[in-house]
Amino acid sequence: MSDVYIAGIDMIKFGRYPDKTPALLGAEAVLGALDDAGLTIKDVQTVYSGCVFNSMNGQKILQQVGAFGIPVTNLSNACATGATAVRDAWMAIRTGDYDVVLAVGVEQMTGMGMLGGPRASAIPTEGLMGSASMPATFAEAGMEYAAKYGATFENFASVAVKNHHHSTFNPKAMLQKETPLEMVMGAEMIAYPNTKFMCSINVDGAAAAILVSERKAKELGLGRAVRIRASALASDPWQERNPQMPDINSATRLSAQQAYEMSGIDPSDLDLVELHDCFATAELLHYENLQLCGEGEAVRLLEDGETTIGGRIPVNLSGGLLSKGHPIAATGIANLYEVCTHLRGEAGQRQQPSAKIGLAHVVGLGTCSAVHILEKA
Amino acid sequence: MTDTDLALPLPAMPFIKVEPNGVARLEFQKCTACSAFSLETNRIACGKCGARGSFVAHQPETTTGTLHSYSIVHRSFPGVAVPFVSAIVDMDNGPSLKGNLRGIAQDPESISLGMAVNVVLDDALNRKDDQGNSYVSHFFEPVAAK
Ligand SMILES: [Zn+2]
């Protein structure tokens, strides 16, 4: 099976683009990724296009940048949609069927309210049978962890302080603003313990990656290429509280374990991690789910500054979903973009020094998780 | 009394049964192969073990349980009254349920994870369907200290 490389990758600055269509947002990211790879749309042999709220977006993007009849697969996998598109592209190359594959994820969310899917009943269930909102769902995941290991509101808030701090070095983040602890804890309470600054933002965004076979990568030159050492996807196995209480941990644990086994890379080898901080309460859980520390050690890892810029294993140097914004289907590829940017030494002020190996993670509620491990070629 | 006075409330969830005398009770499905619970009545196979047609009705012997997790919800979907406490409860003789925790101050100082609660069935906050039918739903209440 062929090794697979990322030859080009790009994301648009996440934000509000009410005058643009999802196809146009996607087209910008695709052209950026093609330019980054030194290729044109005519070199692309097949497309995996992710979008949760619009259908057939892959074709609509090609209609903007060049449509030549190649196979297009449109897919939706909640917040793991973009990463799933990359994984499908990776598989298409590994089998030997393709040399150049485009993975793209787009979401237009301006004007959308709070996300979540209330339970089916003849009467409205929200506020009657608890809350199905995303902030409450992830607050409950955090409080489960708090019950087990004693994490506090302040610990969870500190995650937001860190990620918003990182965002001040990332011009592509929607929000680039310092949020001191008092500001985070004193902000509007959405669903305790998640305040407004502890919730990711609904934004418009697009990101795209050009994946190529080893043969093609060598032909293009390995200078800025990034090798995909592992691509893993898992779903939530049966668990007694699921789906009353969605299990965001098991799928991450399974996909991370798979990725470490596939690559032979140990968590201690990682130079940086971009993980799915859709809410501040989620990040601490994933430190342990991704084996960045032992069970019950996440608060210590955070408080010791190990996951902050300049630390041993910085997490979410991009500012994370909390500041960058979370355009559902684009997020997974944007996380890969951040890791690639560091591996290429092009991350400017937030550059993780001599980064060689990085991990990108997403969780899609419902539930799935994708983990990619990337290495500088 | 007229017939309409006798109209019984309808169950808001499939695991709630309303007897002809108006008394509501919990009834879950339990897999005979692996003992997994289900909140759905029309299952054809078990999500835990894969056994087919293995589910039988299970009426929990008690309505007690422990608070596994919660969130105090201050902002919800448009039109939903806040604040309320969204909670996950593990029943002692049944599955885990999600619902509102009531009868307790809505602040983190007052709510302890792992506290004992009762599952009670009551009117569904006066929420009615298009035909004006009333519903009965489940709620959690702290077990009074003895
Ligand atoms: Zn079973």
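The values are calculated or read from the model by the stated rules, or taken from the named source; none is laboratory data. All values derive from a computational prediction rather than experimental measurement. Counting neighbours? That spans all protein chains shown, and the Cβs are built from the backbone with ideal geometry, glycine included. SASA here: full protein model, heavy atoms, side chains in, ligands and nucleic acids out. Shrake-Rupley method; radii C 1.70, N 1.55, O 1.52, S 1.80 Å.
Table: residues versus (1) part of a strand (DSSP E or B); (2) away from every other protein chain (no Cβ under 14 Å); (3) open to solvent by 60 Å² or more (accessible area, probe 1.4 Å); (4) acidic (Asp, Glu).
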residue	(1), (2), (3), (4)
A:Tyr48	yes, yes, no, no
A:Gln63	no, yes, yes, no
A:Met91	no, yes, yes, no
A:Ala103	yes, yes, no, no
A:Met114	no, no, no, no
A:Pro118	no, no, yes, no
- Query: Given the structure, is A:Tyr98 among the aromatic types (Phe, Trp, Tyr), surrounded by 21 or more Cβ atoms within 10 Å (Cβ to Cβ) and more than 10 Å from chain B (Cβ to nearest Cβ)?
  - Reply: yes
- Task: Find the residue count for segment B:21-32, including only residues that are more than 9 Å from the ligand (Cβ to nearest atom) and assigned to a loop (DSSP other than H, G, I, E, B).
- Result: 4
- Task: Kindly indicate the residue of segment A:352-372 that is out of contact with any strand residue (DSSP E or B) (no Cβ under 6 Å at 6 or more places or on another chain) and not small (Gly, Ala, Ser) and also surrounded by the fewest Cβ atoms within 10 Å (Cβ to Cβ) among those meeting that condition.
- Result: A:Pro353
- Note on the structure: Checked B:Asn133, B:Asn126, B:Asn118, B:Asn93 against criteria (within 12 Å of chain A (Cβ to nearest Cβ), open to solvent by 30 Å² or more (accessible area, probe 1.4 Å) and within 19 Å of B:Lys17 (Cβ to Cβ)); the one match is B:Asn133
- Could you give me the residue pairs with C-beta distances under 9 Å whose first residue belongs to segment B:25-36 and is touching a residue at least 60 places away in the same chain (Cβ under 8 Å) and basic (Lys, Arg), whose second residue is more than 8 Å from the ligand (Cβ to nearest atom) and outside any loop (DSSP other than H, G, I, E, B) wherever it lies, and which are 6+ apart or on separate chains? B:Arg25/B:Ile16; B:Arg25/B:Lys17; B:Arg25/B:Val18; B:Arg25/B:Leu121
- Message: The conditions are (1) open to solvent by less than 50 Å² (accessible area, probe 1.4 Å); (2) under 25 Å from A:Gly150 (Cβ atoms); (3) assigned to a loop (DSSP other than H, G, I, E, B), and B:Gln106 fails exactly one of them. Which is it?
- Response: (1)
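Kindly indicate the residue of segment B:75-90 that is closer than 21 Å to A:Pro243 by Cβ and more than 7 Å from chain A (Cβ to nearest Cβ) and also farthest from the chain's Cα centre (by Cα) among those meeting that condition. Walk me through how you get there before you give the answer.
Taking segment B:75-90 first, the residues closer than 21 Å to A:Pro243 by Cβ are B:76-77, B:80, B:84-90.
Applying the additional criterion that residues be more than 7 Å from chain A (Cβ to nearest Cβ) yields B:85, B:89-90.
Details: B:Val85: 14, B:Val89: 9, B:Asp90: 11 Å.
Checking each candidate, the answer is B:Val85.
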- Query: Quick one: is B:Leu67 within 12 Å of chain A (Cβ to nearest Cβ), away from the ligand (no atom under 16 Å from the Cβ), buried (at least 17 other Cβ atoms within 10 Å of the Cβ) and touching a residue at least 60 places away in the same chain (Cβ under 8 Å)?
  - Reply: yes
- Item | Residue within segment B:8-19 that is part of a loop (DSSP other than H, G, I, E, B), without any contact (Cβ under 8 Å) to a residue 12 or more places away in the chain and aromatic (Phe, Trp, Tyr) present | no
- Task: Determine, yes or no, whether A:Ser231 is in contact (Cβ under 8 Å) with a residue 40 or more places away in the chain, open to solvent by 70 Å² or more (accessible area, probe 1.4 Å) and of a type in the set (Ser, Thr, Tyr).
- Result: no
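Counting residues that are in contact with a Cys (Cβ under 6 Å, 6 or more places away or on another chain) and modelled with pLDDT of 95 or more, which strands (runs of 3 or more DSSP E) fully inside segment A:195-275 reach at least 1?
A:226-235
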- Query: Looking at (1) touching a Gly at 6+ places or on another chain (Cβ under 8 Å); (2) open to solvent by 40 Å² or more (accessible area, probe 1.4 Å); (3) in contact (Cβ under 8 Å) with a residue 60 or more places away in the chain, can you tell me which one A:Val86 breaks?
  - Reply: (2)
- Could you tell me which residue of segment B:33-61 is nearest to the other protein chains (Cβ to nearest Cβ), considering only residues that are open to solvent by 60 Å² or more (accessible area, probe 1.4 Å) and near the ligand (Cβ under 8 Å from one of its atoms)? B:Lys48
- What single numbered condition from (1) open to solvent by less than 40 Å² (accessible area, probe 1.4 Å); (2) within 9 Å of chain A (Cβ to nearest Cβ); (3) part of a loop (DSSP other than H, G, I, E, B) fails to hold for B:Leu113? (1)
- Query: What residue, of B:Ile72, B:Ile16, B:Ile104, is within 15 Å of the chain's Cα centre (by Cα) and either of a type outside the set (Phe, Trp, Tyr) or farther than 21 Å from A:Gln239 by Cβ (or both)?
  - Reply: B:Ile16
